[in-house]
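Take a look at the structure set out below.
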């Protein structure tokens, strides 16, 4: 597996985990009393954060809410670095 | 406010230049039942709906913007390497002379987007029923797009989007029930 495959696969993992949050957020919007769903939602946010941290520490922030890691800065990461999502 | 995320909601993999397919997908980009219409519609309605459903309209509208970005990515990738001749053959000659290779909010027939496609009625039930209809129409359009497309990468992303329309429709139906319950409770007391 080369570096760019690794990056792509880890990004896909972030997309997966973030999607779980999106989906559970909509569900809990209309089911505020479903405690089981609320627990899943809280867990999903934690899991998504972990995977995002893994990605961002190596390949740089995905949004301006994350602090750039030393490693990302060392490899020359800038917010304006390509690829943008439509350039992949 | 919103914060940009440097990733798509769901991966869009395109390997073949296909301007005709790009033109068809523009129906969901800048058409009457497309993602721009959906995103703008809900984002405007949310200010005057009951508190119980503000979150839902905000969250679905935000998700629609991420769908819009997926469609933009498809259109961009399907057309970026097309020659003017190829664009013309695909029915995008008029698009090319006006916009070059850039994207524009228009439907598959080249009609520019207009806010006359959408409503904000100041009546939550009327608004939510429009929203349910919008999701169902978008779902139908995605189905026709999947039927006409033979690009596996595009179809994978279109199927994801079609399923999201189903979920949004379901959530809006639940929102209607939440408001009806509230209304009925008020009558009792």
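The numbers here are math on the coordinates, done by the rules we state, and not lab data. Bear in mind the structure is a predicted one, so any value in this text is a computation, not a measurement. Methodologically, a virtual Cβ is constructed for each residue, glycine included, from the backbone with ideal geometry; neighbour enumeration extends over all protein chains shown.
Overview of results
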| read-out | value |
| --- | --- |
| Helix A:35-59 axis, angle to chain A major axis (alpha carbon atoms, nearest 10°) | 0 degrees |
| Descending semi-axes in whole angstrom, ellipsoid equivalent of region A:1-48, from the Cα gyration tensor | 29, 9, 5 |
| Inter-chain shielding of A:24-32 (mean C-beta neighbours from other protein chains, 10 Å cut-off) | 6 |
| Additional length obtainable on full extension of the chain from residue B:182 to residue B:123, 0.36 nm per residue less Cα span | 19.8 nm |
| Quarter of the Cα convex hull surface for chain B, i.e. its orientation-mean projected area (nm²) | 11.2 nm² |
| Region A:23-88 - percent relative contact order, Cα under 8 Å, separation 6 or more | 19 percent |
| Taking chain B and dividing mean pair separation by its residue count, relative contact order in percent (alpha carbons under 8 Å, at least six apart) | 30 percent |
| Distance between modelled label sites at residue B:114 and residue A:20, nm, 7 Å Cα→Cβ extension | 4.6 nm |
| Whole-Å semi-axes of chain A's equivalent ellipsoid (Cα gyration tensor) | 30, 13, 12 |
| Top of A:62, A:26, A:11 by mean-square fluctuation, Gaussian network on chain A, Cα under 10 Å | A:26 |
| Angle between chain A longest axis and helix A:3-30 axis [Cα atoms, degrees, rounded to 10] | 20 degrees |
| Three principal axis lengths of region B:17-113 [C-alpha, angstrom, descending] | 53, 21, 16 |
| q = 0.07, 0.10, 0.15 Å⁻¹: log10 I(q)/I(0) that the Debye formula gives for the protein assembly as shown, counting C-alpha atoms only | -0.29, -0.59, -1.20 |
| Nearest 10 degrees, 0 to 90: helix B:124-148 Cα axis against chain B principal axis | 30 degrees |
